[in-house]
Amino acid sequence: MINVSKLAQEGVLQPKEALLKKDKKKGSLSIGIPKEDSFQENRIALTPLSVGLLVENGHEVLIESGAGDASNFLDHHYSEQGARIVHDRKEVFQADIVIKVAGPTLKDVELMKNRQVLFSSQQPSLMKLEVLKALMKKQATALSFEYLQDEGGHLSVVRAMSEIVGATSVLIAAEYLSNVFDGKGLMLGGVTGVPPTEMVIIGAGTVGEFAARTAIALGAQVKVFDSSVYRLRRLQNNVGSRVFTSVIQPIVLNKAIRSCDVVIGAVRAKNGRTPCLISEDTVSKMKPNSVLIDVSIDQGGCFETSEVTTHDKPVFRKYDVIHYCVPNIASRVARTATYALTNIFTPILLEIGEAGGMNNMIWANQGIRSAIYLYHGNLTNKDMSDKFNVPCKDLNLIVMANF
């Protein structure tokens, strides 16, 4: 039986000369960046220098006043690079392409024009049905950061933010081990003749890898646990130094946690909630003033004692264990995170202009195509389709039909 979807995908991947040509003209884009109004979202997608590069290439950039303040990029930094600073939020949403860091709210969608292009973070688990339906009604084309792939097929935004979160989580642990926050008064390590701090990292993905790198560099004794031998081996090779690794065996893991000074939960679920791996009983037996950091809290958390906290009140104590359970840790270092985002999106925006618009870019770029969850109001993401029981269309077939 002929697989129509597979044929369409092969057609999309064929050299463009082999297919019916459609004229491509370099286009001037209008790019809008609204001020983030989501709770404690401090990042912005573009730096002033990136805006300057876009303007030099003939594109218009509209920045809502104050959009970069939380990342210490002020209005005059953007205006000096050619951006147009606007005070009316609705005006930003009239641009050809709107780039938000946090997912759109219902109020944001109401401000959008029909058939608009939206770039934003959008995990299926956090998407609300009313927002999705409103976007579909607007016939929007929407791209999710979480699905965006680079040339190597890696999730570029997810990896960049995970690198930041992994390194930052260790620095946070170091803060709360100190006397300043009524911790144990310990350094992570690196002092001759003084035993190093023991750290357990659960999860050998990108967050776990960069947490391990940072902890080892600061002199801590690190143990990494994961359910996958492949991920453990990859971490071992990438870190470049010998580190204790183990598959997750409850007896071994619980023993390590009871004796450690810091435990970092960096387990991610592909869909749905993160599995709860560490029981309340195990946490209650940890050493006094130990530090627990649950990076997985945005997916429910992997510790039974975890409760969501905020950047304003980031910790609480339970069983005399310091719990840090703040979602969106990358927003704690918003300027660094903004540089990482701008490194990804500036080339993409320039390429969209060179391609002659978003439709041509979707046609030509598999990494972009994989991140599209709405195309002209048609849902094209299977994860969202499964969650909301909304019919999903094959983007490859739609693209082929349009060309």
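Bear in mind these aren't lab numbers, they're just calculated from the coordinates by the rules spelled out. Source: prediction; values computed, not measured. Cβ coordinates were reconstructed from backbone atoms using ideal geometry, including for glycine residues, and neighbour counts include every protein chain displayed.
Judged by the gyration tensor of its Cα atoms, with axes a ≥ b ≥ c, segment 162-324 is rounded; a/c sits under the 1.5 cut. Sequence-ordered 3J(HN,Hα) estimates for segment 321-335 from the Karplus curve with 6.51, -1.76 and 1.60 and θ = phi - 60° stand at 10, 7, 9, 10, 10, 9, x, 6, 4, 4, 6, 5, 10, 4, 5 Hz, glycine and proline given as x.
Amide H contacts for TYR324 (H built 1.01 Å from N in the peptide plane; partners 5 or more residues away or on another chain; cut-off under 5 Å): LEU292, ILE293, ASP294.
Only Lys, Arg, Asp and Glu carry charge here, each on its Cβ (+1 for the first two, -1 for the last two); on that basis segment 122-235 has a dipole of about 340 debye about its Cα centre. Mean residue ellipticity at 222 nm from the helices of the chain, using -39,500 (n - 2.57) per DSSP H segment of n ≥ 4 over the full residue count, to the nearest 500 deg cm²/dmol? Counting only the DSSP helices, I get -11000 deg cm²/dmol. Sequence-ordered 3J(HN,Hα) estimates for segment 66-75 from the Karplus curve with 6.51, -1.76 and 1.60 and θ = phi - 60° stand at x, 4, x, 4, 5, 9, 6, 10, 8, 3 Hz, glycine and proline given as x. Residues LEU111, LEU74, LEU62, arranged from fewest to most other Cβ atoms within 10 angstrom of their Cβ, appear as LEU74, LEU111, LEU62. Rounded to the nearest Hz, the phi-derived 3J(HN,Hα) couplings of segment 186-191 under the Karplus curve 6.51 cos²θ - 1.76 cosθ + 1.60 (θ = phi - 60°) are 10, 8, 5, x, x, 9, where x marks glycine and proline.
Scanning residues 5 or more positions from VAL86 or on other chains, those with amide H under 5 Å from its amide H are ILE63, GLU64, SER65, with H placed 1.01 Å from N in the peptide plane. The charge dipole of segment 162-324, taken about its Cα centre with unit charges on the Cβ atoms of Lys, Arg (+1), Asp and Glu (-1) only, comes to about 520 debye. Using only side-chain charges placed at the Cβ, +1 for Lys and Arg and -1 for Asp and Glu, the dipole size of the chain relative to its Cα centre rounds to 900 debye. Pairs from the list LYS35/LYS138; LYS100/LYS382; LYS35/LYS133; LYS138/LYS387; LYS35/LYS387; LYS133/LYS382 with a Cα-Cα gap above 26 Å: LYS35/LYS387. Summarising the amide proton neighbourhood of SER121: residues at separation of 5 or more, or on other chains, whose placed amide H is nearer than 5 Å comprise ALA102, GLY103, PHE145. With loop defined by DSSP as not H, G, I, E or B, and exposure as at most 10 other Cβ atoms within 10 Å, which is the longest segment of the chain clear of exposed trypsin sites (Lys or Arg not before Pro)? Longest stretch, sites excluded: 26-241. Between segment 52-108 and segment 268-291, the C-alpha centres lie 40 angstrom from each other. Springs between Cα atoms under 10 Å define the GNM used for the chain, and in it the highest mean-square fluctuation of LEU148, LEU126, LEU135 occurs at LEU126.
Structure remark: mean-square fluctuation, Gaussian network model of the chain, C-alpha springs under 10 Å; the largest value among ALA45, ALA337, ALA174 belongs to ALA174. Can you count the Lys pairs in segment 162-324 whose Cα atoms are under 24 Å apart, with each pair 8 or more apart or on different chains? Eligible lysine pairs with Cα atoms under 24 Å apart amount to 17.
Read through the labelled values (1) 22.2; (2) 26.5; (3) 24.7 and report the label of the one computed as mean projected area of the Cα convex hull in nm² from the structure. Comparing each candidate, only (1) matches the computed number. Residues considered: ILE201, ILE368, ILE172. Largest GNM mean-square fluctuation over the chain, using C-alpha springs under 10 Å, is found at ILE172.
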